[in-house]
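K.L.:
Please find one structure pasted underneath; my questions will follow.
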Amino acid sequence: MAEVTVRDVYKAYGAVRVLRGVSIDMHDGEFVVLVGPSGCGKSTLLRMIAGLEEINSGDILIGDRVVNDVAPKDRDIAMVFQSYALYPHMTVASNMGFSLEIRRKATDLITAAVGRAAGTLGLGDLLARFPRELSGGQRQRVAMGRAIVRQPQVFLFDEPLSNLDAKLRVQMRTEIKALHQDMGTTAIYVTHDQVEAMTMADRIVVMNEGVIQQIGHPLEVYDRPANQFVASFIGSPGMNFLEGTARQTADTSWVEMVDGTKLPAPRTDAEEGQTVIYGVRPEALTIDEEARSGLIARVDVTEPTGLSTLVFSRVADSITCAFTMDRLDLTRGQPIGLVPDVARVHLFDQASGVRL
(Lines give C-alpha, C1' and ligand atoms only; values in the text may rest on other atoms or scores of the structure.)
Protein backbone atom coordinates (compact mmCIF):
# COMPACT_ATOMS: atom_id res chain seq x y z
CA MET A 1 0.00 0.00 0.00
CA ALA A 2 1.10 3.58 -0.54
CA GLU A 3 0.10 7.19 -0.41
CA VAL A 4 -0.50 8.97 -3.71
CA THR A 5 0.39 12.66 -3.92
CA VAL A 6 -0.50 15.01 -6.77
CA ARG A 7 1.36 18.32 -6.61
CA ASP A 8 0.33 21.32 -8.69
CA VAL A 9 -0.25 19.28 -11.86
CA TYR A 10 -1.06 20.96 -15.15
CA LYS A 11 -2.10 19.35 -18.42
CA ALA A 12 -3.04 20.91 -21.75
CA TYR A 13 -3.65 19.66 -25.27
CA GLY A 14 -2.53 22.59 -27.37
CA ALA A 15 -4.57 25.60 -26.28
CA VAL A 16 -7.06 23.45 -24.34
CA ARG A 17 -6.21 23.38 -20.62
CA VAL A 18 -7.47 20.14 -19.09
CA LEU A 19 -5.96 20.33 -15.60
CA ARG A 20 -5.11 23.62 -13.90
CA GLY A 21 -2.88 23.23 -10.88
CA VAL A 22 -4.41 20.11 -9.28
CA SER A 23 -3.08 19.08 -5.86
CA ILE A 24 -4.36 16.13 -3.78
CA ASP A 25 -2.94 14.05 -0.93
CA MET A 26 -4.44 10.54 -0.98
CA HIS A 27 -3.73 8.60 2.17
CA ASP A 28 -2.45 5.05 2.50
CA GLY A 29 -5.38 2.61 2.27
CA GLU A 30 -7.91 5.32 1.39
CA PHE A 31 -10.70 5.00 -1.18
CA VAL A 32 -10.75 8.32 -3.06
CA VAL A 33 -13.37 9.07 -5.72
CA LEU A 34 -12.76 11.66 -8.42
CA VAL A 35 -16.14 12.93 -9.55
CA GLY A 36 -17.36 15.58 -11.93
CA PRO A 37 -19.10 16.12 -15.27
CA SER A 38 -17.73 14.83 -18.56
CA GLY A 39 -14.67 16.80 -19.63
CA CYS A 40 -13.74 17.99 -16.12
CA GLY A 41 -10.31 16.28 -16.26
CA LYS A 42 -10.86 13.40 -13.82
CA SER A 43 -10.03 10.57 -16.25
CA THR A 44 -7.02 12.49 -17.55
CA LEU A 45 -5.74 12.81 -13.99
CA LEU A 46 -6.23 9.08 -13.38
CA ARG A 47 -4.35 8.24 -16.59
CA MET A 48 -1.51 10.52 -15.53
CA ILE A 49 -1.26 8.69 -12.20
CA ALA A 50 -1.17 5.43 -14.19
CA GLY A 51 1.53 6.79 -16.53
CA LEU A 52 -0.67 6.66 -19.62
CA GLU A 53 -0.59 10.46 -20.07
CA GLU A 54 2.37 12.83 -19.79
CA ILE A 55 2.40 15.71 -17.32
CA ASN A 56 3.08 19.24 -18.54
CA SER A 57 4.21 20.39 -15.09
CA GLY A 58 3.95 19.34 -11.46
CA ASP A 59 4.71 16.04 -9.73
CA ILE A 60 2.96 12.75 -8.98
CA LEU A 61 4.30 10.59 -6.18
CA ILE A 62 3.44 7.00 -5.28
CA GLY A 63 4.78 6.47 -1.81
CA ASP A 64 7.82 8.72 -1.56
CA ARG A 65 8.86 8.19 -5.20
CA VAL A 66 8.25 10.76 -7.93
CA VAL A 67 6.87 8.74 -10.86
CA ASN A 68 6.61 11.43 -13.56
CA ASP A 69 9.10 9.60 -15.79
CA VAL A 70 8.46 6.06 -14.56
CA ALA A 71 6.91 3.64 -17.06
CA PRO A 72 3.38 2.39 -16.23
CA LYS A 73 4.58 -1.18 -15.70
CA ASP A 74 7.06 -0.01 -13.07
CA ARG A 75 4.63 2.10 -10.99
CA ASP A 76 3.21 -0.88 -9.07
CA ILE A 77 -0.38 0.03 -9.89
CA ALA A 78 -3.27 -1.96 -11.35
CA MET A 79 -6.01 -0.39 -13.44
CA VAL A 80 -9.59 -1.52 -14.07
CA PHE A 81 -11.08 -0.03 -17.22
CA GLN A 82 -14.62 0.79 -18.28
CA SER A 83 -14.31 -1.61 -21.24
CA TYR A 84 -12.98 -4.56 -19.14
CA ALA A 85 -10.07 -5.01 -21.65
CA LEU A 86 -10.07 -8.82 -21.40
CA TYR A 87 -8.21 -11.01 -23.88
CA PRO A 88 -11.01 -12.81 -25.82
CA HIS A 89 -8.87 -15.87 -26.69
CA MET A 90 -7.90 -16.52 -23.05
CA THR A 91 -9.88 -18.23 -20.32
CA VAL A 92 -10.84 -16.43 -17.13
CA ALA A 93 -7.92 -18.06 -15.33
CA SER A 94 -5.47 -17.05 -18.05
CA ASN A 95 -6.77 -13.48 -18.12
CA MET A 96 -6.40 -13.17 -14.36
CA GLY A 97 -2.93 -14.69 -14.24
CA PHE A 98 -1.45 -13.12 -17.38
CA SER A 99 0.32 -10.25 -15.60
CA LEU A 100 2.14 -12.79 -13.43
CA GLU A 101 2.97 -14.97 -16.42
CA ILE A 102 4.74 -12.16 -18.26
CA ARG A 103 6.74 -11.56 -15.08
CA ARG A 104 7.80 -15.22 -15.26
CA LYS A 105 6.34 -16.17 -11.92
CA ALA A 106 6.17 -19.85 -11.00
CA THR A 107 3.10 -21.74 -12.22
CA ASP A 108 2.07 -22.87 -8.74
CA LEU A 109 2.31 -19.26 -7.48
CA ILE A 110 0.10 -18.05 -10.35
CA THR A 111 -2.44 -20.81 -9.77
CA ALA A 112 -2.61 -19.99 -6.05
CA ALA A 113 -2.97 -16.23 -6.67
CA VAL A 114 -5.69 -16.73 -9.27
CA GLY A 115 -7.50 -19.17 -6.98
CA ARG A 116 -7.50 -16.73 -4.06
CA ALA A 117 -8.79 -13.86 -6.22
CA ALA A 118 -11.41 -16.07 -7.85
CA GLY A 119 -12.64 -17.18 -4.42
CA THR A 120 -12.91 -13.60 -3.22
CA LEU A 121 -14.86 -12.53 -6.31
CA GLY A 122 -17.07 -15.61 -6.70
CA LEU A 123 -15.41 -16.72 -9.94
CA GLY A 124 -14.29 -20.17 -8.86
CA ASP A 125 -16.73 -21.98 -11.18
CA LEU A 126 -15.92 -19.75 -14.17
CA LEU A 127 -12.15 -20.12 -14.48
CA ALA A 128 -12.35 -22.32 -17.60
CA ARG A 129 -14.76 -20.03 -19.47
CA PHE A 130 -13.91 -17.41 -22.08
CA PRO A 131 -15.01 -13.75 -21.83
CA ARG A 132 -17.70 -14.23 -24.50
CA GLU A 133 -19.37 -16.77 -22.21
CA LEU A 134 -19.70 -14.30 -19.32
CA SER A 135 -22.23 -11.64 -18.37
CA GLY A 136 -21.19 -8.01 -18.02
CA GLY A 137 -20.96 -8.28 -14.25
CA GLN A 138 -18.85 -11.43 -14.47
CA ARG A 139 -16.49 -9.76 -16.95
CA GLN A 140 -16.07 -6.85 -14.57
CA ARG A 141 -15.22 -9.26 -11.76
CA VAL A 142 -12.58 -10.87 -13.97
CA ALA A 143 -11.09 -7.45 -14.70
CA MET A 144 -10.92 -6.76 -10.97
CA GLY A 145 -9.47 -10.22 -10.34
CA ARG A 146 -6.72 -9.54 -12.86
CA ALA A 147 -5.85 -6.40 -10.88
CA ILE A 148 -5.99 -8.17 -7.51
CA VAL A 149 -3.56 -10.96 -8.36
CA ARG A 150 -0.82 -8.38 -8.94
CA GLN A 151 -1.09 -7.17 -5.33
CA PRO A 152 -0.31 -3.58 -6.36
CA GLN A 153 0.29 -0.58 -4.12
CA VAL A 154 -2.59 1.30 -5.77
CA PHE A 155 -5.80 0.31 -7.57
CA LEU A 156 -7.09 2.67 -10.26
CA PHE A 157 -10.71 2.40 -11.46
CA ASP A 158 -11.80 4.29 -14.59
CA GLU A 159 -15.63 4.35 -14.59
CA PRO A 160 -15.72 0.54 -14.27
CA LEU A 161 -19.51 0.27 -13.87
CA SER A 162 -20.63 2.46 -16.78
CA ASN A 163 -21.49 -0.47 -19.03
CA LEU A 164 -23.68 -2.28 -16.49
CA ASP A 165 -27.43 -2.01 -15.98
CA ALA A 166 -28.79 -0.08 -12.99
CA LYS A 167 -29.40 -3.07 -10.70
CA LEU A 168 -26.01 -4.62 -11.40
CA ARG A 169 -24.28 -1.26 -10.83
CA VAL A 170 -25.71 -1.14 -7.30
CA GLN A 171 -24.57 -4.69 -6.63
CA MET A 172 -21.08 -4.16 -8.05
CA ARG A 173 -20.40 -0.90 -6.21
CA THR A 174 -21.25 -2.70 -2.96
CA GLU A 175 -18.86 -5.51 -3.87
CA ILE A 176 -16.05 -3.11 -4.78
CA LYS A 177 -16.44 -1.23 -1.50
CA ALA A 178 -16.46 -4.47 0.52
CA LEU A 179 -13.42 -5.72 -1.41
CA HIS A 180 -11.53 -2.52 -0.61
CA GLN A 181 -12.41 -2.79 3.07
CA ASP A 182 -11.07 -6.36 3.13
CA MET A 183 -7.84 -5.57 1.24
CA GLY A 184 -7.08 -2.08 2.55
CA THR A 185 -5.19 -1.10 -0.62
CA THR A 186 -5.19 2.54 -1.73
CA ALA A 187 -7.84 2.99 -4.42
CA ILE A 188 -8.61 5.89 -6.77
CA TYR A 189 -11.95 5.66 -8.53
CA VAL A 190 -13.24 7.89 -11.35
CA THR A 191 -16.94 8.36 -12.02
CA HIS A 192 -19.40 10.97 -13.26
CA ASP A 193 -22.11 9.36 -11.10
CA GLN A 194 -22.38 11.29 -7.85
CA VAL A 195 -24.40 8.48 -6.22
CA GLU A 196 -21.42 6.15 -6.74
CA ALA A 197 -19.16 8.80 -5.26
CA MET A 198 -21.37 9.30 -2.20
CA THR A 199 -21.81 5.60 -1.44
CA MET A 200 -18.27 4.36 -2.08
CA ALA A 201 -15.77 7.04 -1.10
CA ASP A 202 -13.78 7.70 2.05
CA ARG A 203 -13.22 11.11 0.48
CA ILE A 204 -14.64 12.77 -2.63
CA VAL A 205 -12.71 15.06 -4.95
CA VAL A 206 -15.21 17.19 -6.90
CA MET A 207 -13.76 18.56 -10.14
CA ASN A 208 -14.98 20.98 -12.78
CA GLU A 209 -13.15 22.42 -15.79
CA GLY A 210 -9.80 21.07 -14.62
CA VAL A 211 -10.02 22.60 -11.15
CA ILE A 212 -10.74 20.93 -7.80
CA GLN A 213 -13.88 22.48 -6.34
CA GLN A 214 -13.91 20.63 -3.01
CA ILE A 215 -12.32 17.68 -1.21
CA GLY A 216 -13.99 16.05 1.76
CA HIS A 217 -15.94 13.21 3.34
CA PRO A 218 -19.11 12.49 1.31
CA LEU A 219 -21.50 13.82 3.95
CA GLU A 220 -19.31 16.86 4.55
CA VAL A 221 -19.45 17.72 0.86
CA TYR A 222 -23.21 17.08 0.81
CA ASP A 223 -24.01 19.10 3.94
CA ARG A 224 -21.48 21.92 3.49
CA PRO A 225 -20.82 22.41 -0.24
CA ALA A 226 -18.04 24.89 -0.92
CA ASN A 227 -19.88 26.55 -3.79
CA GLN A 228 -22.97 26.43 -5.96
CA PHE A 229 -21.40 24.01 -8.45
CA VAL A 230 -20.72 21.41 -5.76
CA ALA A 231 -24.19 21.94 -4.30
CA SER A 232 -25.79 21.37 -7.71
CA PHE A 233 -23.66 18.38 -8.69
CA ILE A 234 -23.72 16.40 -5.44
CA GLY A 235 -27.17 15.13 -4.50
CA SER A 236 -29.93 13.39 -6.40
CA PRO A 237 -32.25 15.15 -7.00
CA GLY A 238 -30.10 18.26 -6.96
CA MET A 239 -30.36 21.26 -4.69
CA ASN A 240 -33.02 23.88 -5.46
CA PHE A 241 -31.81 27.40 -6.24
CA LEU A 242 -33.80 30.64 -6.06
CA GLU A 243 -32.46 34.13 -6.63
CA GLY A 244 -33.15 36.92 -4.15
CA THR A 245 -31.80 39.73 -2.02
CA ALA A 246 -30.29 39.21 1.42
CA ARG A 247 -32.10 41.06 4.19
CA GLN A 248 -31.51 41.14 7.92
CA THR A 249 -32.34 42.88 11.17
CA ALA A 250 -30.71 42.47 14.54
CA ASP A 251 -32.79 39.36 15.18
CA THR A 252 -33.80 37.93 11.81
CA SER A 253 -32.34 37.05 8.41
CA TRP A 254 -34.25 36.32 5.24
CA VAL A 255 -34.02 36.43 1.46
CA GLU A 256 -36.52 38.52 -0.42
CA MET A 257 -37.52 37.41 -3.90
CA VAL A 258 -38.51 39.74 -6.73
CA ASP A 259 -42.22 39.22 -6.03
CA GLY A 260 -41.74 40.17 -2.38
CA THR A 261 -41.83 36.61 -0.99
CA LYS A 262 -39.67 36.32 2.12
CA LEU A 263 -37.69 33.12 2.64
CA PRO A 264 -36.21 32.43 6.10
CA ALA A 265 -32.42 32.25 5.98
CA PRO A 266 -29.57 31.44 8.36
CA ARG A 267 -27.26 34.17 9.61
CA THR A 268 -24.32 34.38 7.16
CA ASP A 269 -21.70 36.85 5.95
CA ALA A 270 -24.11 38.14 3.31
CA GLU A 271 -24.39 41.91 3.32
CA GLU A 272 -27.71 43.75 3.50
CA GLY A 273 -29.04 44.12 -0.05
CA GLN A 274 -26.58 41.61 -1.57
CA THR A 275 -27.92 39.52 -4.45
CA VAL A 276 -27.69 35.87 -3.42
CA ILE A 277 -28.74 32.40 -4.49
CA TYR A 278 -30.96 30.67 -1.95
CA GLY A 279 -30.19 26.94 -1.91
CA VAL A 280 -32.25 24.23 -0.23
CA ARG A 281 -32.24 20.50 -0.81
CA PRO A 282 -35.50 18.67 -1.63
CA GLU A 283 -35.58 16.83 1.71
CA ALA A 284 -35.29 20.15 3.58
CA LEU A 285 -38.66 21.32 2.20
CA THR A 286 -41.88 20.42 3.98
CA ILE A 287 -45.00 20.39 1.81
CA ASP A 288 -48.08 22.26 3.01
CA GLU A 289 -50.90 20.81 0.88
CA GLU A 290 -53.24 23.65 1.89
CA ALA A 291 -50.78 26.33 0.73
CA ARG A 292 -51.18 28.25 3.97
CA SER A 293 -47.49 28.76 4.69
CA GLY A 294 -44.05 28.91 3.10
CA LEU A 295 -43.21 29.60 -0.50
CA ILE A 296 -46.35 29.27 -2.61
CA ALA A 297 -45.84 27.07 -5.66
CA ARG A 298 -47.97 25.17 -8.16
CA VAL A 299 -47.58 21.45 -8.68
CA ASP A 300 -46.05 20.50 -12.01
CA VAL A 301 -45.25 16.76 -11.72
CA THR A 302 -45.30 14.18 -8.93
CA GLU A 303 -43.03 11.11 -9.04
CA PRO A 304 -44.00 8.34 -6.59
CA THR A 305 -41.23 5.80 -6.06
CA GLY A 306 -42.99 3.58 -3.51
CA LEU A 307 -40.63 4.50 -0.69
CA SER A 308 -41.04 8.24 -1.22
CA THR A 309 -42.56 10.90 -3.45
CA LEU A 310 -40.84 13.67 -5.39
CA VAL A 311 -42.97 16.73 -6.01
CA PHE A 312 -41.85 19.12 -8.72
CA SER A 313 -43.57 22.48 -8.55
CA ARG A 314 -43.25 25.78 -10.35
CA VAL A 315 -42.09 28.91 -8.54
CA ALA A 316 -42.04 31.92 -10.87
CA ASP A 317 -39.83 30.70 -13.76
CA SER A 318 -38.13 27.93 -11.77
CA ILE A 319 -38.94 24.28 -11.10
CA THR A 320 -38.46 23.31 -7.45
CA CYS A 321 -38.26 19.73 -6.15
CA ALA A 322 -39.45 18.59 -2.72
CA PHE A 323 -38.92 15.13 -1.23
CA THR A 324 -41.41 13.53 1.14
CA MET A 325 -41.97 10.09 2.63
CA ASP A 326 -45.72 10.69 2.44
CA ARG A 327 -47.91 9.43 -0.42
CA LEU A 328 -49.59 12.63 -1.52
CA ASP A 329 -52.58 12.96 -3.83
CA LEU A 330 -51.68 16.16 -5.69
CA THR A 331 -52.95 17.41 -9.05
CA ARG A 332 -51.13 19.42 -11.67
CA GLY A 333 -51.56 23.15 -11.08
CA GLN A 334 -52.58 22.73 -7.44
CA PRO A 335 -51.13 25.39 -5.14
CA ILE A 336 -48.96 24.11 -2.31
CA GLY A 337 -46.68 25.68 0.28
CA LEU A 338 -43.00 24.80 0.51
CA VAL A 339 -41.63 25.40 4.00
CA PRO A 340 -37.81 25.31 4.20
CA ASP A 341 -35.88 24.04 7.21
CA VAL A 342 -33.77 27.14 7.85
CA ALA A 343 -31.02 25.09 9.52
CA ARG A 344 -30.39 23.36 6.18
CA VAL A 345 -30.58 26.42 3.93
CA HIS A 346 -27.47 27.65 2.09
CA LEU A 347 -26.77 31.10 0.66
CA PHE A 348 -24.37 31.52 -2.26
CA ASP A 349 -22.88 34.69 -3.65
CA GLN A 350 -24.50 35.19 -7.06
CA ALA A 351 -21.33 36.45 -8.75
CA SER A 352 -18.76 33.94 -7.49
CA GLY A 353 -21.01 31.02 -6.50
CA VAL A 354 -19.14 30.67 -3.18
CA ARG A 355 -21.20 29.59 -0.18
CA LEU A 356 -21.57 32.45 2.29
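K.L.:
Would you tell me the accessible area of residue 236, worked out with a 1.4 angstrom probe on the heavy atoms of the protein chains, in Å² to the nearest 10?
P.N.:
For residue 236, solvent-accessible area is about 90 Å².
K.L.:
Rank 105, 177, 262, 167 by accessible area, highest first, at a 1.4 Å probe radius? Intermediate values should be presented prior to the final figure.
P.N.:
Working: 105 95, 177 70, 262 130, 167 170 Å².
My answer, sorted largest first, is 167, 262, 105, 177.
K.L.:
Based on the Cβ-Cβ distance from residue 224 to residue 310, what FRET efficiency comes out when R0 is 22 Å, to the nearest 0.05?
P.N.:
Working: r = 24 Å, r/R0 = 1.08.
E between residue 224 and residue 310, to the nearest 0.05, is 0.40.
K.L.:
Right, here's the next one. From largest accessible area down, sort 199, 191; use a 1.4 Å probe on the protein chains.
P.N.:
Working: 199 55, 191 5 Å².
Listed by decreasing accessible area, they come as 199, 191.
K.L.:
Here's a follow-up. Taking only C-alpha pairs under 8 Å that are 6+ residues apart, what is the relative contact order of the chain in percent? Kindly include the intermediate steps, with their values, before the conclusion.
P.N.:
Numbers: 743 pairs, mean separation 55.5, N = 356.
This gives 16 percent for the chain.
K.L.:
Return, ordered by residue number, the residues of the range 37-77 whose backbone nitrogen is under 12 Å from a label point located 7 Å along Cα→Cβ of residue 8.
P.N.:
57-59
K.L.:
Here's a follow-up. Assuming 0.36 nm per residue, please report the length gained on full extension of the stretch residue 298 to residue 102 beyond their Cα-Cα distance. Present the calculation step by step, with values, prior to reporting the outcome.
P.N.:
Values: separation 196, 0.36 × 196 = 70.56 nm, distance 6.54 nm.
Taking residue 298 through residue 102 to full extension adds about 64.0 nm, to one decimal.
K.L.:
Return the FRET efficiency for the residue pair residue 83, residue 327: r is the Cβ-Cβ distance, R0 is 25 Å, and the value is rounded to the nearest 0.05.
P.N.:
It comes out at approximately 0.05.
K.L.:
What's the FRET efficiency of residue 252 with residue 290 using the Cβ-Cβ distance as r and R₀ = 22 Å, to the nearest 0.05? Could you put the intermediate results ahead of the total?
P.N.:
Values: r = 25 Å, r/R0 = 1.13.
Calculated value: 0.30.
K.L.:
Still on this structure, I have one more. I'd like the accessible area for residue 288, computed on protein heavy atoms only with a 1.4 Å probe and all protein chains in place. Round to 10 Å², please.
P.N.:
Solvent-accessible area, nearest 10 Å²: 20 Å².
K.L.:
A further question on this structure: Using a basic spin-label model with each label point 7 Å from the Cα along Cα→Cβ, how many nm lie between residue 151 and residue 166?
P.N.:
Result: 4.2 nm between the two label points.
K.L.:
Around residue 30, under 13 Å between beta carbons, what's the net of Lys plus Arg minus Asp minus Glu among the other residues?
P.N.:
Values: positive: 177, 203; negative: 3, 25, 28, 202.
Counting the neighbours of residue 30, the net charge comes to -2.
K.L.:
Within the range 222-251, list the residues whose amide N lies under 17 Å from a label point set 7 Å along Cα→Cβ of residue 317.
P.N.:
Flagged as within label range: 241-245.
K.L.:
So between residue 15 and residue 181, what do we pick up on full extension, going 0.36 nm a residue minus the alpha carbon distance? Let's see the in-between values first.
P.N.:
On the way: separation 166, 0.36 × 166 = 59.76 nm, distance 4.16 nm.
Full extension of this stretch gives 55.6 nm more.
K.L.:
Given contacts defined as C-alpha pairs under 8 Å and at least six residues apart, what's the relative contact order of the range 243-356, whole-number percent?
P.N.:
Details: 253 pairs, mean separation 33.7, N = 114.
Value for the range 243-356: 30 percent.
K.L.:
For the chain, what is the accessible area per residue in Å², given a 1.4 Å probe and the full set of protein chains? Could the numbers behind the result be given before it?
P.N.:
Details: 17020 Å² over 356 residues.
Averaged over the residues of the chain, the accessible area is 48 Å².
K.L.:
Describe numerically, in nm with one decimal, the distance between label points set 7 Å from Cα along Cα→Cβ at residue 56 and at residue 132.
P.N.:
The answer from the label model is 4.4 nm.
K.L.:
Label residue 174 and residue 241 with points 7 Å out from Cα along Cα→Cβ: what is the distance between them in nm?
P.N.:
Going from the residue 174 label point to the residue 241 one covers 3.5 nm.
K.L.:
Next question. What percentage of the solvent-accessible surface of the chain, computed with a 1.4 Å probe over protein heavy atoms, is contributed by carbon and sulfur atoms? Write out the running numbers ahead of the final one.
P.N.:
Details: 8180 of 17020 Å².
Carbon and sulfur atoms account for 48 percent of the accessible area of the chain.
K.L.:
Here's something else I'd like to know. At a probe size of 1.4 Å, how large is the accessible area of residue 159, to the nearest 10 Å²?
P.N.:
Answer for residue 159: close to 30 Å² accessible.
K.L.:
Also, quick follow-up: For a label point 7 angstrom out from the Cα of residue 28 toward its Cβ, which stretches of the range 177-213 have the backbone nitrogen within less than 16 Å?
P.N.:
183-187
K.L.:
Another question, if that's okay. Please arrange 332, 169, 75, 298 by accessible surface area, largest first, computed with a 1.4 Å probe and ligands excluded.
P.N.:
Values: 332 180, 169 40, 75 10, 298 130 Å².
Final ranking, largest accessible area leading: 332, 298, 169, 75.
K.L.:
Which angle from 0 to 90°, rounded to the nearest 10, does the C-alpha axis of helix 166-183 make with the longest principal axis of the chain?
P.N.:
60 degrees
K.L.:
Too long at a 26 Å Cα-Cα cut-off: which of 73/167; 11/73; 105/177? Kindly include the intermediate steps, with their values, before the conclusion.
P.N.:
Working: 73/167 34 Å; 11/73 22 Å; 105/177 29 Å.
As for pairs spanning more than 26 Å Cα to Cα, those are 73/167; 105/177.
The values are calculated or read from the model by the stated rules, or taken from the named source; none is laboratory data. Since the model is a prediction, treat every value here as computed from it, not as a measurement. Note: ideal-geometry Cβ built from the backbone for every residue, glycine included; neighbour counts use all protein chains shown. What goes into the accessible areas is simple: the full protein's heavy atoms, side chains included, and nothing from ligands, DNA or RNA. Shrake-Rupley method; radii C 1.70, N 1.55, O 1.52, S 1.80 Å.
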